[in-house]
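Shown next, in structure tokens, is the structure this report addresses.
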Amino acid sequence: KCDYEVTLIEKCSELYNIMNGFRMPWAIAGGWSIDLYLGEVTRDHSDIEIAILRDHQLAIREYLTGWDFKKVQGGKIITWSENEVLELPIHETYAEKVSEKIEILLNESDNDWWIYRRDSRIQREMKKTILITANGIPYLSPEITLLFKSKNSELKDEMDFENIVNFLNDEQKAWLQTSLKVVYNDHPWIKSLN
């Protein structure tokens, strides 16, 4: 295995080992989810984040006993008080313990459907939202990751799109293309998904 593959497995396995006992749906998100789908590290990553359902926010606090929790509110990282239930627009939180830090992104849902927090018209069946590697590591499906990355996309987001677009199946491409049309009407990625 090349160093990149070892890094992918090691980095994501560390997080998996922390989260393995959490009985609610969760998934590695962001750029790492793209790499897990491809099975290789395609670029440098500055952080690692997970997605959970907003309904399970207190469950993860209970699960990560002894960790300190913060939330991003109004662009500032502040304390997330115990038993405080976070509502939209707050979706970005952090759990910290000694040298470990996990970014936890709260996702919207309704029963068996994942809902895009920026536009509730966009939904995805929960069973298509979280995929699992051969090693058992759950990750956010790439088409959903790309939808998040489509807003104000930076160089890393463009790289992620270019790296994975040809590996998406027809159904994933169609869902992403339709979703981009709903949100933006026009987006540079739409043509690439034909």
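Quick one: give the max-minus-min coordinate of the C-alpha atoms of the stretch 97-194 along each principal axis, largest first, in Å.
44, 33, 28
Quick check on the chain: take the gyration tensor over C-alpha atoms, sort the square-rooted eigenvalues as a ≥ b ≥ c, and tell me if it's rounded (a/c under 1.5), prolate or oblate.
Oblate, because a/c is 1.5 or more while a/b does not exceed b/c.
Given 0.36 nm per residue, what is the gain on full extension from residue 178 to residue 110 after removing their alpha carbon distance, in nm?
Extra length from residue 178 to residue 110 when fully extended: 22.4 nm.
Go ahead and run the numbers for FRET between residue 194 and residue 117, Cβ-Cβ distance against an R0 of 25 Å, rounding to 0.05.
It comes to 0.40.
In debye, nearest 20, what is the charge dipole magnitude of the stretch 107-194 about its Cα centre with +1 on Lys and Arg Cβ and -1 on Asp and Glu Cβ, if you could check?
With Lys and Arg at +1 and Asp and Glu at -1, about 100 debye.
Could you please state, rounded to a whole Å, how far the C-alpha centre of the stretch 31-98 is from the C-alpha centre of the stretch 141-194?
So the separation of the two Cα centres works out to 23 Å.
Once you charge only the Cβ atoms, +1 for Lys and Arg and -1 for Asp and Glu, what is the size of the charge dipole of the chain about its Cα centre, to the nearest 20 debye?
Charge dipole, the chain, about its Cα centre: 380 debye, nearest 20.
Report, please, the projected area of the stretch 28-139 averaged over directions, based on the convex hull of its C-alpha atoms, in nm².
8.2 nm²
Once you place label points 7 Å from the Cα toward the Cβ at residue 155 and residue 186, how far apart are they in nm?
2.7 nm
Could you check which residue among 108, 162, 143 shows the biggest mean-square fluctuation in a GNM of the chain with a 10 Å Cα cutoff?
Most flexible of the set in this elastic network: 162.
Below 8 Å between Cα atoms, with a sequence gap of 6+, how large is the relative contact order for the chain in percent?
Dividing the mean separation by the residue count of the chain yields 19 percent.
The stretch 142-175: which trypsin sites (Lys or Arg not before Pro) are DSSP loop and have at most 15 other beta-carbon atoms within 10 angstrom?
For trypsin sites (Lys or Arg not before Pro) across the stretch 142-175 that sit outside H, G, I, E and B with at most 15 neighbouring Cβ atoms in 10 Å, the list reads 151.
Laboratory data are not the source of any read-out in this text; all were calculated from the coordinates shown. It should be emphasised that the depicted structure is a prediction, and the values quoted were computed from it without experimental measurement. Positions of Cβ are generated from backbone atoms using ideal geometry, with glycine treated the same way; all protein chains shown enter the neighbour counts.
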